[in-house]
Structure formats: C-alpha cells, structure tokens
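Since the structure comes first, as structure tokens, the remarks are kept for the end.
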Amino acid sequence: MLTLLAKLLHALNSDSSIRQIALAIALGFIVGLSPIFTLHNIVIIFFVLLIRVHLGSFILAVGFFSGLSYLLSPAIVQLGESLLTTPNLTVFFTSLYQLSLFKLAHWHHTYVLGAFVLGALLCAPIYFISKFIIEKYRVHIMTFFEKFRIVQALKASKFYRLYTSFSGGSSLTKGGL
Amino acid sequence: MARFIRWQGIIAFIVLSALVVAFLYFFAETLVKKAIISSAESAFGAEVNLAEVKFGYSPLQVSVIGLQVTDKETPTQNLFSFDRATAGIDVWQYLFGKIIIDELEVSQLAFSSVRSQAGEVYLNDTVNEHGGDSLAEQGKALLPEVDMQLPDVKSLLNDSNLLTVKAGEQLKASYKTEQVKIKALKGQLPNKAKLKSYQDKVKNLGKMKVNSLADIEKIKTEFELIKAEFKADQALVKKAKKQVLDSKSLLAKQVNEITNAPTKDWQQIEKTYQLESIDTEDFAHILFGEQAREYVQKAKWAYEKVSPLMENMKGDSSEAKEKAHENGRFVYFKEDTPLPSILVKKALFSIQLEQGELMVTGSELTHQHWIRGQDSLINISSTSNGELSLNSNFKLSKSGDFNAEGEWLVSDRSLANIQLTKSKALTLSLTAAKLNGKGSFSLMNSEIEASNGVSLKQASYQGQAKSKMTKLLLDTIKSLDKLTVDVAVSGELSQPKFSIASSLNEALTGAFKQQVAGKLNDFKRKVNEGLNEKLANALKLGDSQTAELLDLEALLTDTDKALDDLKNSDIVKQQQKKLEDKLKNKAKDKLKDKLGDLFG
C-alpha cells in the first residue's frame, strides 16, 4: 500500500502526464463503482493495461471508489431500478435484452446498470476535476507544503526513502516532496 | 501510436486473466464448499458437514458429496443427509444471471439418520413450533374423556342456565310484581263498609218524605252526588279487572313456558355434551384421525416452509424487496424462449426410509410457472414393499396463487408394528396388516381438499384398555380381520376439518351402542326427574297465585255488580211516583168532598 501511495505521489510530482493520471482516476471511478468481475470492468481493465495511463493511480482510484460505492449503493440501485423499470424505456431494454452481450454484461441487473451509467456519466467531470487539481498541486500546493517543518521531518522517514527509490532522487532537484 | 499504447499491457492482461482462471480452477471447490457449509449452517442453525465439492467443467457440473445437516432439535441425528448430489448447470444461462439446472440427482437421501457424533447447535428458535398441543395430541386427549363425557347430574341441575330454572325464577318474579300492582289497586277499591254506606244513603233517600217538587229536586241532586262516587269507584274496579286479566294472561304464558322448559333443557344438554354423538364414529376419529392429522401436519409443515421461500423468490416480500434495494436485482424482459430465474428441468432423488427405498422424480421445478406455462411435476414411487405411487403437480401463478393436486395409490403394502394410539385409557398398535388404498388431494393456496380410502387386510392388533368402553373397543377391533377407513379433509390447512368413516363403526354399533344406551338412559332419567321436580315446584307456586287471582276476580265482579245496581237504582222515580200518588189522592179527596157537598 505504501509502495502504491509512493508511486502515486511520485506520479503527481514527476513528469508523468497529468492527463494519464486524470484518465486513470476517471477509469478507476467506473471500475470501482461496479462489482469487479463485470464485463465492462474487464474491458476497461484491458484498456487501462493497453493504453498508457498511470497504473498506480488507477489501482488506488479503484480501491477508493470501491469503498465509496458501498455508501452510494442505495442510490446506484435506485438509478438502475428506475432505468430498467421505466415504462418508456421498456421497448429499448427489451431489444437490448435480446443481445447475449447485454445479458452477459449483467446490464439487466439494477446495481450493475446503475453503477455503469453513473460511472459513465461522471467519468468525464472526474477526469477534468482530477486534471485541474493535479495541475494546481504541481504549481502551488507542492511548493507551499515544502515550507513546513513536518515535511522536512518526513523527508527523513522510511516512506521518503521508499519514495526516492522510485523517483531516483530526482525529486530533490525537481523540488519534489 | 507508441506514445499512447503499451503493447506489453496485452501480455499483462493475459497473465492477469490466467491468474484469475487458475485461482478459480484450484480454489473454486474449496470456496464453494465453505460457502455451502456457512449458508446451510445459518439456514438450519446447526452443524453441517460436507465431505467434498467437485466441479466438472464440460459440461459444468457441481457435485456435493456426503452432506449431513444436524437436526437442531436432536443433535445426535441428522435432519437430512445424502451421499451425493449432482447438478448439471447451464453455464451460458448462469452467466446471464439465471440458474438453470438440466439435471439434479440426489442419491441416498435420508432423514433422521444417526450421526457418528452429536452435531453442534448454533441457534434455537425462541418460538416453539409445537407451542400448543399438536392436533394428534389433542386427538389422543379425547380418548380418556369418553368415559367422563356424561356430566354430574347434581351440578347439571344446579346450572342456573337451565331454562327450567330460569323460567321458574321468572315466574316467581312475575308473581311478585303482579301482586304488588294488584295490592296497590286493592287498597283503592271500595270495601264492604263503603258499599254498605252507599246502600244506606240510597235507602235513606228512599225514606225521605216528599211533599213538593222541591223535595224531589233535592233527592235527585243528592242521588247524582252519590252516583258520581259510584262511577269513580266503578272506574277503579274496571282498572283492577283489567290488571287481573293482564296478570292472568302473563302468568298463563309463563306457566306454559315453564311447562315446555324441561324438554328444551334436555335437548340443550344433549347438544352441549354431545350425548347424541357418543357413537362409534368418535372412535374412528380418535383412532385414525390421529394418523390423518399427522399427515396433514406434514403437508402443512411443507407448505409453511415452501410458501415463504416462493414469496421471497418472487421478490414481492418486504424482506426480498429490502435485500433487492441493498444489492440490486435482475430485471427480466420478454424474449423468444423465456426461462425462469431458477429452474430444475429434471430431478431424481432416491430416499432411504425405514419402510424401504423411495424414488422421487421431479420436472420443471421452479417458482415461476407462468413463464414456460408448465406445471412442476413430482412423482414418488416404491416397489420394495408392495406398490406405492404418488403423482402430483403444482404451479404458482404470477399473482401468487398456489395450486397443487395429486393422486396416490398403495397396494399390498405390508405394515408392521404401527402404533395407532397411546393414551391413559387405551394403547393400541397394529402388529401386522396388508395395506391397500388410494386417494386424491388438491391444495389451492392454503385450502385443502382431500379424499382418501384405505383398507387393512389380515390385520392383527395388540393393546391395552383401562375403561369399560375402551376395552369394548379393543375387543371389537381385535376381532376384525378387515378394516376400511375413509378420510376426507377439507378447509384451511391450518385448521382442517376431518371426516372419518370406518367399517369399525358398523362393527362397534351393536355392542357399543348397547352399553352407551344403558348409561345414557339412566342419565336421561335422572336429569328429567330433576327438571320435573323444578317444574312442579314452580307450578305449585303458580297454583296458589292463580287461586288468589280468581278470588280477586270474583270479588271485583260482585263489587262491580253492587255498584251497578246502586247506580241504576230508581229511587228518584220512586219518590216522584210517591209524590204523584200523594197529589192524586189529595185531589181525589177534595173532589169527593165537593161532590158530597153538592149531592149532600
């Protein structure tokens, strides 16, 4: 866990593309909301591995949003329930239901559909918010925190040594943690 | 392109997928085994042992081997156990969220088998399912009561609810009320002295000397005054007469009621204590009703276990809705070849019972029969001891209505050592017999309708009886070689009505009825004597009161007549006539004097 956290901090502080990290968080959001072994999650994981997104950020995002999904589950189920049982959408879902892929993806399950729709709707805003925050972090927050004594103390800790092992000591010169 | 794609990611994906598949392949059986044990233990509340779970992958097949579920009521026994259960699952449908089992086979299913060591019990139901006496227990309890059904004559006659007693009390109360009313009127009535004074007054008016019309006028006025008094008194007499008549008719009505009361009381006693129904049919109920009730209890138990399960599966129960709200649910849409969410296309159970092996086959086992439009079928058969077969089908409609019907047949089945009843008054068991029978049943929601007929041939019995009646019963049964019992069950499953007819009735009729009749006649005589005594006492009181009323009536008639006579007295006319005569005589004398003077 510490390693993953160190990787994320390294990514935030390093030259890793802001878009790669933001995309990893947005995709991690979709995967985190749904049960892990659903068809759309497997497809997303495949693309996460294939496309150059930051894996550490993705794994942490999945962990974080999985926890969040427990709190959101009533709303997720409610969303799926209302979509699947709305009379106006019955014809639409009935035609989709004839496709094996639809059933295989369990999109006729209230939780899975609710999570997927919520994830798909909110992944774009989350991408842009994440991007904005990381940019701000790199410009302002990182240098602001540098001034604190506690940060100086942390630099002497085991975690910092781990962190530097990933960054290869370059962070010091780059004004990292 | 390489800026966005990392091709080694594909290898990572394949490796990851392979790891997941390998994990499932190696650990699925252990995981499923643990899941079965933990869910079964939480469902049955006692230790569950499972030897092994095996997966076959082509086609997907799950085998559960050596399952034993401890009976939490008797931990040294299993609630049920089986050697092997194999289910062939349709993988494709499973991936779509449905459990479709093409074939389910359970072998060596046994109930109440002895465990090698007592199982642990995790939870006990706080609610005792057998809180009240079971129907069978109630049936047993009836038997010793048969001798005690005739109530104590003394306490019966002291029962204030008896009509004879009630009517007697009412008659007594009415006498009192009427007496008070009449007494009040009696005080106002003119007595003999008053009547005498009236007569004297009238007499005196007659004796008065009349010399002029003014005297006549005076007599007339005085007589009118006395007449007014007569009239007032006559009105009182009339009122009293009416009261006497009312009282007479009320008392006559009540006397009539009390006269009929003993007959009505006896009818009520017969009804209350079911004296009329103390006949052989009760014994058929007691002996065979117990067995019938046990079968219905089993059906009720099964229905109570299955119906909430079906309700849950339908997703209509509040618990299921709550669960669906937390975890979500599958929503199914129309498709060309619809399938229920759970379906066992074919099932085969081999059950080990003390009486031999039973084969149970089932098909279309589901809780959503309307989807494929087919009923679930269950057939039970055994040929190890005579022939036994049961064919039944059931279905649950979309609106939640449960319908089941079936037929059963038993032929040449040997029975041995079956206890029919065990109570203080009678212990009876069937030592050996050949059983034949057939029947049918239908269940609509919780309404049962069943008719069954069995016959026992070459039967031998053993038992002990303590009371006279049960001894008679035991002897009669022992003397029977063939016995038929017809049991009809109807009504709500929780409170079914039994109608049991048996050839035992005919066999018992002569001997038993004779005994009962003697006892019953003696009882009837004593009760009727007591009731008649009560009646006589009440009527005795009635006689004296009636005589009193008659005396009063005669007195009133006399008084009325006397007053009438006085009222109609022609005393004024008499005095007028007297005056006229006097004046006539006077005129005559004057004329005589004048003529004497003239003719000298």
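Readers should treat all values here as calculations from the given coordinates under stated rules, not as data from a laboratory. Note that this is a predicted model, so its numbers are computed, not measured. Heads up, the Cβs are rebuilt from the backbone with ideal geometry, glycines too, and the neighbour counts pull from every protein chain shown.
Here are some notes:
- Relative contact order [Cα under 8 Å, 6+ residues apart], region A:2-140, whole percent: 35
- Highest average packing first - B:426-434, B:177-185, Cβ atoms within 10 Å: B:426-434, B:177-185
- Residue by residue, region A:97-106 carries 3J(HN,Hα) couplings of 4, 6, 7, 4, 4, 4, 6, 5, 6, 6 Hz when phi is fed to the Karplus relation 6.51 cos²θ - 1.76 cosθ + 1.60 (θ = phi - 60°); x denotes Gly or Pro.
- Separation of the alpha carbons by more than 22 angstrom is noted, of B:Lys192/B:Lys577; B:Lys209/B:Lys573; B:Lys172/B:Lys248; B:Lys183/B:Lys534; B:Lys203/B:Lys238; B:Lys207/B:Lys227, for B:Lys192/B:Lys577; B:Lys183/B:Lys534; B:Lys203/B:Lys238.
- Close amide H contacts of B:Gln61 (hydrogens built in the peptide plane, cut-off under 5 Å, sequence separation of 5 or more or a different chain): B:Gly56, B:Ile89.
- 25 °C / 0.890 mPa s Stokes-Einstein diffusion coefficient of region B:179-235, Kirkwood radius on C-alpha pairs, µm²/s: 188
- In this label model, B:Met359 and B:Ser113 are separated by 2.0 nm, measuring between points 7 Å along each Cα→Cβ vector.
- Using θ = phi - 60° in the Karplus curve 6.51 cos²θ - 1.76 cosθ + 1.60, the 3J(HN,Hα) couplings for region B:153-158 round to 4, 4, 5, 5, 6, 7 Hz; x is entered for Gly and Pro.
- Relative contact order of region B:21-112, defined on C-alpha pairs under 8 angstrom at six or more residues apart (%): 20
- Cα Rg, Dmax (largest Cα-Cα span) when computed across region B:444-486, Å: 15.4, 44
- Charged side chains reduced to their Cβ positions (Lys and Arg at +1, Asp and Glu at -1) give region A:2-140 a dipole of some 280 debye around its Cα centre.
- Farthest positive-ward along region B:18-111 dipole, Cα basis, beta-carbon charges - from B:Phe80, B:Phe111, B:Ser63: B:Ser63
- Amide H contacts under 5 Å for B:His367, placed H, 5+ residues apart: B:Ile342
- Student exercise, region B:18-111 dipole from Lys, Arg, Asp, Glu Cβ charges, in Debye to nearest 20: 240
- Proximity of backbone amide H atoms, modeled 1.01 Å from N, is registered between B:Ser502 and B:Asp486 at under 5 Å, excluding neighbours fewer than 5 places apart on the same chain.
- Couplings 3J(HN,Hα) of region B:256-265, computed from phi: 4, 4, 5, 5, 7, 4, x, 5, 5, 4 Hz, in residue order, whole Hz [Karplus 6.51 cos²θ - 1.76 cosθ + 1.60, θ = phi - 60°; x for Gly and Pro].
- Between B:Val20 and B:Gln374, the simple spin-label model (points 7 angstrom out along Cα→Cβ) gives 3.4 nm.
- Values of log10 I(q)/I(0), in the order q = 0.19, 0.24 Å⁻¹, for region B:18-111 under a Debye, Cα-only, solvent-free model: -0.97, -1.27
- Estimated from the Cβ-Cβ distance and a Förster radius of 60 angstrom, the FRET efficiency linking B:Lys422 and B:Gln267 is about 0.95.
- Diffusion coefficient (Stokes-Einstein, Kirkwood radius over C-alpha pairs, 20 °C, 1.002 mPa s) for region A:2-140: 135 µm²/s, rounded to a whole number.
- Förster radius 30 Å - calculated FRET efficiency between A:Leu68 and B:Ala35 (Cβ-Cβ, nearest 0.05): 0.65
- Under 12 Å, Cβ to Cβ, from B:Leu595 - net charge with Lys/Arg +1 and Asp/Glu -1: +1
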